[in-house]
Amino acid sequence: MELNNKIWNDRYLTNDTGWDIGHISNPLKEYFNHLENKELKILIPGCGNCYEAEYLVSQGFTNVHLIDWAREALDNFQNRNPEFPSSNLICSDFFEHSNNYDLIIEQTFFCAINPNLRASYVVKMKELLGGSGKLIGLLFNHKLYSNRPPYGGSKREYLEFFTKHFKNVSIEKAYNSIEARKGRELFILISNLNK
C-alpha cells in the first residue's frame, strides 16, 4: 500500500480510523500524570485526532506540538480545541521535520509507517530529542498486518532498532491497556539519559 497525505486525509474523512479509541490511552495518561514540568517541549508525531495533546493541555502543559501530514486530522483537533495555537499544528512529513524536543510521544505512529522506515524513524527520533530528551509511548507486541497499516512487531525487533542509537531502552508489557489491547501493547521509555 502506497501511503501519502491524500490516503491519510481520506481515512479521516471517511472515519476509517480503527486505531482511534476516542480518548487518551491509560498508559499515557498515567505517565503524563507524573510529569511535573509543564513547560516541557513536547512533540506528538503522526498525531491523528490527538486526544493525548488534548489531555496534556487540560493539565496545564504549555509547549505541545503536533505533526501529521493529514490536514483533516489537524483540523479535527483544532475544531475541538480552538484555543490551541495553530502555529503548533504542523502539517508535514515527520521525516523532514527539524527541531529539538524534551519529550516525544509515540501513539500509533510507528505502526502506521512502512516497516522499511523503522530504522529511519529511530535515527530521526535521536535527532529530534538531542542528548537529553525522552521518547515514550506504546508499540504493538503483535504481528498485525504485513501489507498495510497497522504494522506490528515484537519486543525483540524493537530492541534491535532502539539499542543501536540510544543508551537507555526500556520496553515492557503495558499493564493498564484498554481491554481490546490487553497483552498486545508494550510501553516504551527511551533516552540517552543516565536515569
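The values are calculated or read from the model by the stated rules, or taken from the named source; none is laboratory data. Quick caveat: nothing in here was measured; it's all calculated off a predicted structure. Here the Cβ positions follow ideal geometry from the backbone for every residue, glycine too, while neighbour counts run over all protein chains shown.
Under the condition of being in a strand (DSSP E or B) and either among the basic types (K, R) or closer than 17 Å to K126 by Cα (or both), the residues counted in the stretch 148-189 number 7. Y101 meets all of the listed conditions (1) hydroxyl-bearing (S, T, Y); (2) at pLDDT 95 or above; (3) surrounded by fewer than 21 Cβ atoms within 10 Å (Cβ to Cβ) but one, namely (3).
If you go through the stretch 165-180 and keep only what is of a type outside the set (K, R) and modelled with pLDDT of 90 or more, you end up with H165, F166, N168, V169, S170, I171, E172, A174.
So is L144 surrounded by 13 or more Cβ atoms within 10 Å (Cβ to Cβ) and at pLDDT 80 or above or not? Spelling it out, it is not the case that L144 is surrounded by 13 or more Cβ atoms within 10 Å (Cβ to Cβ) and at pLDDT 80 or above. Just to be sure, is R156 basic (K, R), surrounded by fewer than 18 Cβ atoms within 10 Å (Cβ to Cβ) and modelled with pLDDT of 95 or more? Answer is yes for this residue.
When the stretch 81-95 is limited to residues that are of a type outside the set (S, T, N, Q), farther than 22 Å from I136 by Cβ and over 16 Å from the mean Cα position of the chain (by Cα), the one that is surrounded by the most Cβ atoms within 10 Å (Cβ to Cβ) turns out to be P85. Within the set S58, S86, the sole residue that is under 20 Å from S98 (Cα atoms) and without any contact (Cβ under 8 Å) to a residue 12 or more places away in the chain turns out to be S86. Considering G22, G60, the condition of being surrounded by fewer than 22 Cβ atoms within 10 Å (Cβ to Cβ), more than 14 Å from the chain's Cα centre (by Cα) and modelled with pLDDT under 95 is satisfied by G22 alone.
Cβ separations smaller than 9 Å between residues 6+ apart or across chains give the following pairs from the stretch 144-172 residues that are of a type in the set (V, I, T) to residues that are in a loop (DSSP other than H, G, I, E, B) and surrounded by 15 or more Cβ atoms within 10 Å (Cβ to Cβ): I171/N141. Taking residues in the stretch 34-50 that are surrounded by fewer than 21 Cβ atoms within 10 Å (Cβ to Cβ), and partners anywhere that are hydrophobic (A, V, I, L, M, F, W, C) and in a strand (DSSP E or B), the pairs with Cβ atoms closer than 7 Å and at least 6 places apart or on different chains are L40/L103.
Among the residues of the stretch 63-75, which ones are touching a Phe, Trp or Tyr at 6+ places or on another chain (Cβ under 7 Å) and either more than 15 Å from N88 (Cβ to Cβ) or at pLDDT 95 or above (or both)? Result: L66, I67, W69, A70, E72.
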